[in-house]
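A.B. asks: For reference, the structure I am asking about is given below.
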Amino acid sequence: MELTRRKILALGSSTFALASLTSLPVFASTTDDEIAALTGGAELGEGAITLTAPEIAENGNTVPIAFDAPGAVEVTLFADGNPVPNVATFKFGPLSASRSASTRIRLATTQDVVAIAKMEDGSFQTAKANVKVTIGGCGG
Amino acid sequence: MASGVKPRVKVPKKAAAGETITIKTLISHKMESGQRKDDDGNIIPRSIINRFTADFNGQNVIDVTLEPAISTNPYFQFEAVVPETGEFKFTWYDDDGSVYDTSKKITVN
């Protein structure tokens, strides 16, 4: 086949389109995958957890996050817009007074922070909070 | 061992038996996420604290698994029940194998 300028252009643009299609939904799907791996695909209830996060975080390097999940044995936090969605897992021992804790996390961009709580009866509860991030916190 | 690691913990000195107390912990650590690049474009290797535990007289209060998304100088606030006089032990586990710990005594009147 004789490669003309026109053919090369057509070839280039079609491979580019393919690449951009496959790479687009990468972040969203990994969070869902991680949640599915954690819960084993169980149905997620809502309402039992309170997730406290600021509506707007000026600095994505330290975003204060707090949760309160009465009756939970384990709480996992996810940030669905981060390069790695997992944030932290809290396991509560016998001397823990309340199923609540607070910490500071990094957020790369404006996104949802998701908390998944494993309850004492083995069911799962979820809560979500959207945080607008002015300056992202994952470095260049 | 990462340099300049210093744990700081705030626990009340006294409590009533069975009382709920609030504990605040902070440890100075850079928590290098493994996502950043240096001036030459090389990725700076990940170096974080990956686990934090708090125990009272050998019984567990909280056990946290940390990922790179936890901020520099990891901070935690949580609540514990104090059944008797004893000692809280806080332990942080570094990626490089280092273990940092600190203890706080509490008296039950």
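The values are calculated or read from the model by the stated rules, or taken from the named source; none is laboratory data. Nothing here was measured: the structure is a model prediction, and the numbers come from that model. All Cβ positions, even for glycine, are placed from backbone atoms using ideal geometry, and neighbour counts span all protein chains on display. To get the accessible areas, we keep the full protein, side chains included, count just its heavy atoms, and leave off ligands, DNA and RNA. Shrake-Rupley method; radii C 1.70, N 1.55, O 1.52, S 1.80 Å.
A.B. asks: Going through B:48, B:62 one at a time, which residue ends up being surrounded by 15 or more Cβ atoms within 10 Å (Cβ to Cβ), at pLDDT below 95 and either in contact with a Ser or Thr (Cβ under 7 Å, 6 or more places away or on another chain) or closer than 21 Å to residue A:82 by Cβ (or both)?
C.D. replies: Working: B:62 fails: at pLDDT below 95.
Being surrounded by 15 or more Cβ atoms within 10 Å (Cβ to Cβ), at pLDDT below 95 and either in contact with a Ser or Thr (Cβ under 7 Å, 6 or more places away or on another chain) or closer than 21 Å to residue A:82 by Cβ (or both) holds for just one of B:48, B:62, which is B:48.
A.B. asks: Then there is this: Taking residue B:43 and the conditions (1) surrounded by 14 or more Cβ atoms within 10 Å (Cβ to Cβ); (2) closer than 22 Å to residue A:108 by Cα, which numbered condition does it fall short on, given that it satisfies the others?
C.D. replies: (1)
A.B. asks: Among the residues of region B:67-86, are any surrounded by 13 or more Cβ atoms within 10 Å (Cβ to Cβ), among the charged types (D, E, K, R) and under 10 Å from the mean Cα position of the chain (by Cα)? Walk me through it before giving the result.
C.D. replies: As a first pass, look at region B:67-86 and keep what is surrounded by 13 or more Cβ atoms within 10 Å (Cβ to Cβ): B:67-83, B:85-86.
This time we only want the ones that are among the charged types (D, E, K, R), so: B:67, B:79.
Imposing the further condition that a residue be under 10 Å from the mean Cα position of the chain (by Cα) reduces the set to none.
For region B:67-86, residues surrounded by 13 or more Cβ atoms within 10 Å (Cβ to Cβ), among the charged types (D, E, K, R) and under 10 Å from the mean Cα position of the chain (by Cα): absent.
A.B. asks: Could you check region B:87-108 and list, in sequence order, the residues that are touching a Gly at 6+ places or on another chain (Cβ under 9 Å) and either open to solvent by less than 50 Å² (accessible area, probe 1.4 Å) or within 14 Å of another protein chain (Cβ to nearest Cβ) (or both)?
C.D. replies: Scanning region B:87-108 gives B:89, B:106, B:108.
A.B. asks: Still on this model: Take residues that are open to solvent by less than 40 Å² (accessible area, probe 1.4 Å) and free of Cβ contacts under 8 Å to residues at least 12 places away in the same chain and tell me which of the strands (runs of 3 or more DSSP E) falling wholly in region A:51-107 contain 1 or more. Even if it seems obvious, please write down each step before you answer.
C.D. replies: On the way: elements: A:56-59, A:63-68, A:72-79, A:86-92, A:96-105.
So the answer is A:96-105.
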